[in-house]
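What follows is a single structure, written as structure tokens, with notes after it.
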Amino acid sequence: MSSVIKILPDNLINKIAAGEVVERPASVVKELVENSLDAGATEVFVDVEQAGRRLIKVADNGSGMTREDALLAFERHATSKIASEPDLEAIRTMGFRGEALASIASVSRVRLLSAQRGAAGVLVEIEGGSLGPASDAASPPGTTIEVHHLFFNTPARLKFLKSPSTELSHIIAAVSHLAMARPDVRFRLTHDKKAVLDLPAAGDVGERAFQLYGQELSGNLLAFSAERAPARVSGLIGKPNCDRGDKTYQEFYVNGRFVRNPSLSHALAEAYRDLVMRDRHPVGFIFVDIDPAFVDVNVHPAKAEVRFRNQSQVHDLVRDAIREALRGAHAPDARAGRVQEAAAEYLRNADAGVVGPSSERRHAEWPLTPSLSREGSGGLISPLPPGERNEVRGDASPRFPAAALLQPLAQVHGSFIIAQDNDGMALIDQHAAHERVLFEKLQDQYTSGTVPQQSLLLPVQMELGHAETELLKELLPELRRLGIAVEEFGGTTFVIKAVPALLAGGDSKSLLMDIIGEVRLHGQSGKMDALRDEVLAVMACHPAIKVHRRLSLQEMEGLIGDLFACRMPHSCPHGRPTIIRFSMDEIKRMFKRI
Ligand code: ADP
Ligand code: MG
């Protein structure tokens with residue numbers, strides 16, 4: 001069989017982002033596994049010892065190499081994946097620079113054993129970059145590469161390695177990312193001969209997420225997909241109640257490659273903007289597949305970043321697709337989580353006075369699983385017919401049909417509405433609910449281009465600081481579109497002349513100060529586009545029915561009706577829940593009746 005690897009010509013080498021690919025053991029694991037995937041492997045076994053310092057071994061059942069290729073593979077810029085400049089525009093493989101094996105071999109002792117199907121095996125050994133002869137050796141079809149004593153000849157880099165547990169965690173993360181991108185491939189990772197990951201080939205990414213992250217996380221994910229040529233986006237996103245304190249579970253893949261990309265991160269954050277609280281972060285495994293001509297993977301030495309040619313288009317596609325999925329799936333499940341939380345919280349409090357370590361266990365046994373809540377026959381929790389409930393619906397936003405079933409009974413402490421439906425009860429936060437209603441009304445008015453305005457009988461004059469003055473000057477045109485007419489009066493003085501009709505009668509000065517505050521908080525980085533909903537949320541908060549206000553039954557009914565006419569009735573624009581529901585089953589369980 002003839003050799004397929006070629007040394008790249010100089011002009012092409014110069015176009016390739018040069019740089020260090022071997023930073024730590026995890027980089028070696030990543031490069032070797034990528035090669036296995038490029039070779040068409042369906043099984044990849046990774047064994048490391050001493051967190052990769054002593055040994056990294058990657059064995060695959062891929063295409064294998066000829067004797068010539070096995071020798072050529074370790075030359076710098078030797079690759080079988082691209083040959084000419086146009087190929088750089090159409091990269092579908094994980095590798096393309098022909099640098100990884102050369103770099104790895106220069107800082108370790110490498111053994112490569114490889115065989116193509118039906119051909120004799122070949123063994124090559126390299127120490128610190130000097131290639132030994134190739135010899136015949138028995139080998140199953142595929143390739144096994146062993147990297148011994150990484151950085152043995154570069155003590156400085158050895159010193160930069162972190163603790164074994166840190167390096168191991170990077171290795172696990174690297175394998176997990178590769179495994180998420182390729183659920184169809186079997187992966188196994190062992191450390192010091194103990195299994196760390198063992199992932200049989202999975203049917204889809206949801207199953208892979210389950211294998212990797214367990215039921216608790218994967219059970220709270222929604223699958224979604226959407227397409228707008230030349231890109232397609234799909235993946236798994238967390239229900240709004242499954243938010244996290246950091247961005248660990250935000251992963252982005254472009255054409256199967258795990259990447260960091262600020263624009264994609266931003267799209268995810270934006271999709272959840274009024275669904276998770278300020279300092280919380282949504283969960284998302286997002287896969288963008290796009291014609292390779294539209295993406296440059298040649299921008300980072302370790303190929304960890306990509307650049308889109310149509311960046312804002314991809315950004316908007318991702319944001320809209322997630323938003324749509326959240327809307328379609330909206331809330332039943334999210335709320336089941338909230339009910340669970342509320343019940344757990346209730347139990348914690350109830351247990352507070354009770355002696356005993358058993359309370360922990362009792363929480364664990366408490367049978368409030370999301371499925372139980374979902375199974376409840378209450379119109380609220382199960383607005384969709386069974387079978388449709390978990391599906392992401394890409395069509396127009398389904399309206400929540402349950403308002404009619406929810407009948408207000410009373411108000412607690414002038415703040416919360418108690419209501420019942422045919423199989424349970426709900427507590428509604430009147431302020432949060434009204435904020436949501438106003439927010440969506442303002443949003444609708446804004447999008448339709450006509451925010452009804454009301455002129456102030458007495459224009460309100462206000463004096464600002466210098467920084468605020470500059471900020472406000474920039475904001476004026478956008479404020480006008482939002483229905484707030486403000487004029488410069490000279491120096492740092494402004495006059496408010498009109499406000500949106502929905503907000504009439506409120507304190508327009510403090511409204512404007514709050515908007516400026518909001519813009520200052522988020523402003524620098526953001527375009528007004530991204531900020532608009534934040535500003536609308538501030539606006540909605542102003543006249544919203546405050547806590548400690550008595551409502552008549554009729555007012556409560558009106559509010560509930562308005563709330564459930566909303567696109568996202570279950571949280572206020574700041575991400576707090578508007579409603580918490582208990583099914584009769586749950587109530588009975590709390591009273592130990594069942
Ligand atoms: P690149 O992946 O950028 O081409 P590498 O240095 O990682 O560069 O690998 C060089 C070449 O060695 C690859 O192009 C491929 O032809 C061959 N190769 C490396 N690993 C394997 C493998 N596991 N199975 C088959 N061929 C491999
Ligand atoms: Mg490679």
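The values are calculated or read from the model by the stated rules, or taken from the named source; none is laboratory data. Note that the coordinates shown come from a computational prediction; the quantities given were computed from them, not determined experimentally. Cβ sites come from the backbone with ideal geometry, for glycine too, and all protein chains shown count toward neighbours. Note: accessible area is taken over every heavy atom of the protein model, side chains too, but ligands, DNA and RNA are not part of it. Shrake-Rupley method; radii C 1.70, N 1.55, O 1.52, S 1.80 Å.
Some observations on this one:
- Unmet requirement for F285, which otherwise passes all of (1) within 8 Å of the chain's Cα centre (by Cα); (2) not in a strand (DSSP E or B): (2)
- Filter pass, G62 being within 12 Å of ligand 1 (Cβ to nearest atom) and open to solvent by less than 20 Å² (accessible area, probe 1.4 Å): yes
- Residue selected from the range 288-314 under the condition part of a strand (DSSP E or B) and acidic (D, E), by the criterion farthest from L217 (Cα to Cα): D296
- Members of the range 18-44 that are away from ligand 2 (no atom under 11 Å from the Cβ) and of a type outside the set (A, V, I, L, M): G19, E20, E23, R24, P25, S27, G40, T42, E43
- Residue within the range 500-523 that is assigned to a strand (DSSP E or B) and either open to solvent by less than 30 Å² (accessible area, probe 1.4 Å) or over 15 Å from Q430 (Cβ atoms) (or both) present: yes
- Residue match in the range 42-52 (condition: touching a Lys or Arg at 6+ places or on another chain (Cβ under 8 Å) and within 8 Å of ligand 1 (Cβ to nearest atom)): no
- For A271: the one exception among (1) within 30 Å of L536 (Cα to Cα); (2) aliphatic (A, V, I, L, M); (3) open to solvent by 30 Å² or more (accessible area, probe 1.4 Å): (3)
- The lone exception for E470 - which of (1) modelled with pLDDT of 90 or more; (2) open to solvent by 40 Å² or more (accessible area, probe 1.4 Å) it fails: (1)
- Residue within the range 28-38 that is within 12 Å of ligand 1 (Cβ to nearest atom), surrounded by fewer than 20 Cβ atoms within 10 Å (Cβ to Cβ) and under 17 Å from Q116 (Cβ atoms) present: yes
- Residue among P164, P141 that alone is touching a residue at least 24 places away in the same chain (Cβ under 8 Å), more than 13 Å from ligand 1 (Cβ to nearest atom) and surrounded by fewer than 20 Cβ atoms within 10 Å (Cβ to Cβ): P164
- Here P25, P9 are screened, and the one residue that is more than 10 Å from ligand 1 (Cβ to nearest atom) and surrounded by fewer than 23 Cβ atoms within 10 Å (Cβ to Cβ) is P9.
Yes/no per residue for (1) without any contact (Cβ under 8 Å) to a residue 24 or more places away in the chain; (2) open to solvent by less than 30 Å² (accessible area, probe 1.4 Å); (3) assigned to a helix (DSSP H, G or I):
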| site | (1), (2), (3) |
| --- | --- |
| L409 | yes, no, no |
| A419 | no, yes, no |
| A426 | no, yes, no |
| A433 | no, yes, yes |
| L438 | no, yes, yes |
| Y446 | no, no, yes |
| L458 | yes, no, no |
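- Test result for E68, more than 16 Å from ligand 2 (Cβ to nearest atom), over 21 Å from T154 (Cβ atoms) and not in a loop (DSSP other than H, G, I, E, B): yes
- Output for the range 468-486, where each listed residue is in contact (Cβ under 8 Å) with a residue 40 or more places away in the chain and assigned to a helix (DSSP H, G or I): E468, L471, L472, L475, E478
- Within the range 77-127, the only residue that satisfies the criterion of being within 16 Å of ligand 2 (Cβ to nearest atom), on the phi > 0 side of the Ramachandran plot and surrounded by fewer than 18 Cβ atoms within 10 Å (Cβ to Cβ) is H77.
- Any hit, the range 47-58, residues being at pLDDT 95 or above and within 15 Å of ligand 2 (Cβ to nearest atom): yes
- The single condition from (1) farther than 18 Å from V4 by Cα; (2) within 12 Å of ligand 1 (Cβ to nearest atom) that E89 fails is (2).
- Residues in the range 65-86 that are among the polar types (S, T, N, Q) and near ligand 1 (Cβ under 8 Å from one of its atoms): T79, S80.
- Residue in the range 148-156 that is touching a residue at least 60 places away in the same chain (Cβ under 8 Å), within 26 Å of S63 (Cβ to Cβ) and buried (at least 16 other Cβ atoms within 10 Å of the Cβ) present: yes
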